[in-house]
Amino acid sequence: MINYNDTIVAISSGNINQAISIIRLCGSEAINIIKNIFTGKIGENKTITFGRIINRKTNEIIDEVLINWFTKTDNYVGEPTVEINAHGGVIVTNKILNLILENGARLAERGEFTRRAFLNGKISLEKAEAINQLIHAKTNIQTKIAINQFDSKSNEIIENLEQELLKIISICEINIDYSEYNDIETIDKKKLFTFMNNLLSKVNIVIANSLKAIDVYKGVNIAIIGEPNVGKSSLFNLLIDKDKAIVTNIAGTTRDVLEDSFEINGILFNIIDTAGLRATKNVVESIGIDRAYKAIEKAKIIIHLFDLKTIKNKLDPKLQKLLANKRCINVLNKIDEISDLNSIRKYKDYVWISAKTKRLYELRNALVKEYTNFDINNPDTLYDERKLSLLNKVKENLENGIKGLNNNFGPEVVIVDLNAAWQYLRQMLNKEYDNEALLDNMFKNFCLGK
């Protein structure tokens, strides 16, 4: 089990040959360990000093370095931290690392510095996730989104929704418990329906924005599917601009899923080339087809590829069911083989391409169409999948409450769904369900017992 009180060390700049390498040491013994191996001045908080790293057992001078000192807790991690700027050779860097390990530190786990920053209250979970996304960003848009999350205002969105819901709950509770008072805001089913429907509309807007935003933030998952020999692997190679998939005219060439990524107008797409979908007795090909179905389940967008030989074939019922709730782009390939394009006008709802002649512009436009108006600065957007899943629970409870009203149930019944929705909003804000907050709101907004 990991002990987060240990003093830890890691090469923060990557274990490669480079001009300068950075070795980060963090924990209660960080300063003492450096004192054992450093000949220069021990710096004060947020200072830099020059000196040599030396193995005192052998008196070997390992390197001349600059050291950044963060002796207090007002730093990224929230613990005493030292950053050694050494000459960037792999051998030299690792000798310093091993010397620090010999003097009592342990090698840090993946992400442990950021984890400690979270545990020490220096950053939120959302910011930790944003830092990870920034490190692994592959497009300018992903980078901008990650940086925006450093000062994420997602809590403001949820707090506004919570306050609106809390007001609705308060009015309901007042009408249930204090109906004899004349100075309270009365509510009937029609008025309650309006309040709840307005709130649901706002929740739906946030969900719709967030689904699109998370796609862009994480990368949009795509699967290319179709029967054997319709050109899936050729299309895959064209989109990623690599000859990664084997292309032959032999049916069933692709036996496994192949994955890669590409970018269109700043939007990252994670693409999977799948085995041709058909009935087969070949054991290896069957495994590939099973994996193709799993890829379909995970994909956000399906490129369903056809040619004139396969376009009239009926879809397998299993495939029809999988595609029912997917955004599916039907694509007709090999139009270079068609001498009279007027003869295929009946397939105008398909995207026409030719993998052979590299005619893909219509498909590229179709892929990015849903994201062309994406606004990374839209305030009504969540980038946290945990929060989005909880907001979907809020939506479900509001919808259940509205159904109750439509079935002639009153506030005393609907209040159950409203309270459930409120609990999920409180979870999103990392707050416990607090009946006192409800009471405070009730008595703050209404004059009771004059």
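The values are calculated or read from the model by the stated rules, or taken from the named source; none is laboratory data. Because the structure is a prediction, the values reported are computed rather than measured. Cβ sites come from the backbone with ideal geometry, for glycine too, and all protein chains shown count toward neighbours. The accessibility values were calculated without ligands, DNA or RNA, using every heavy atom of the protein model including side chains. Shrake-Rupley method; radii C 1.70, N 1.55, O 1.52, S 1.80 Å.
Here are the numbers for the structure shown:
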{"quantity": "The range 8-123, relative contact order [Cα under 8 Å, separation at least 6], %", "calculated": "31 percent"}
{"quantity": "Accessible surface of the range 45-120 [probe 1.4 Å, protein heavy atoms]: carbon and sulfur percent", "calculated": "54 percent"}
{"quantity": "FRET E, pair LYS202, PHE409, Förster distance 25 Å, beta-carbon r, rounded to 0.05", "calculated": "0.65"}
{"quantity": "Listed residues VAL416, ASN400, SER343: farthest to the positive end of the dipole of the range 336-440 (Cβ charges)", "calculated": "SER343"}
{"quantity": "Out-of-range pairs (alpha-carbon distance over 29 Å; input LYS202/LYS348; LYS326/LYS431; LYS218/LYS403; LYS72/LYS95; LYS167/LYS431)", "calculated": "LYS202/LYS348; LYS326/LYS431; LYS218/LYS403"}
{"quantity": "Check: the chain dipole with +1 on Lys, Arg Cβ and -1 on Asp, Glu Cβ, in debye", "calculated": "1640 debye"}
{"quantity": "Accessible surface of the range 280-402, 1.4 Å probe, proportion on carbon and sulfur as whole %", "calculated": "47 percent"}
{"quantity": "For the chain, share of DSSP beta bridges that run antiparallel, in % to the nearest 5", "calculated": "65 percent"}
{"quantity": "Solvent-accessible surface (1.4 angstrom probe) belonging to PHE50, in square angstrom, nearest 10", "calculated": "120 Å²"}
{"quantity": "Relative contact order, percent, the chain [alpha-carbon distance under 8 Å, six or more residues apart]", "calculated": "14 percent"}
{"quantity": "Dipole magnitude (debye, nearest 20) for the range 42-121, charges at Cβ of Lys, Arg, Asp, Glu", "calculated": "140 debye"}
{"quantity": "Reachable aspartates and glutamates from LYS294, criterion Cα separation under 20 angstrom, eight or more residues apart if same chain", "calculated": "ASP215, GLU227, ASP256, GLU259, ASP260, ASP273, GLU285, ASP316"}
{"quantity": "Cα gyration tensor shape for the range 7-164, rounded if a/c is under 1.5, else prolate or oblate", "calculated": "prolate"}
{"quantity": "Where the chain is the region considered: accessible area per residue in Å², 1.4 Å probe", "calculated": "54 Å²"}
{"quantity": "Gain in span if fully extended, ILE2 to PHE150, counting 0.36 nm per residue against the direct Cα distance", "calculated": "50.5 nm"}
{"quantity": "Unit charges at the beta carbon, dipole of the chain: most positive-side option, SER210, ILE23, THR274", "calculated": "THR274"}
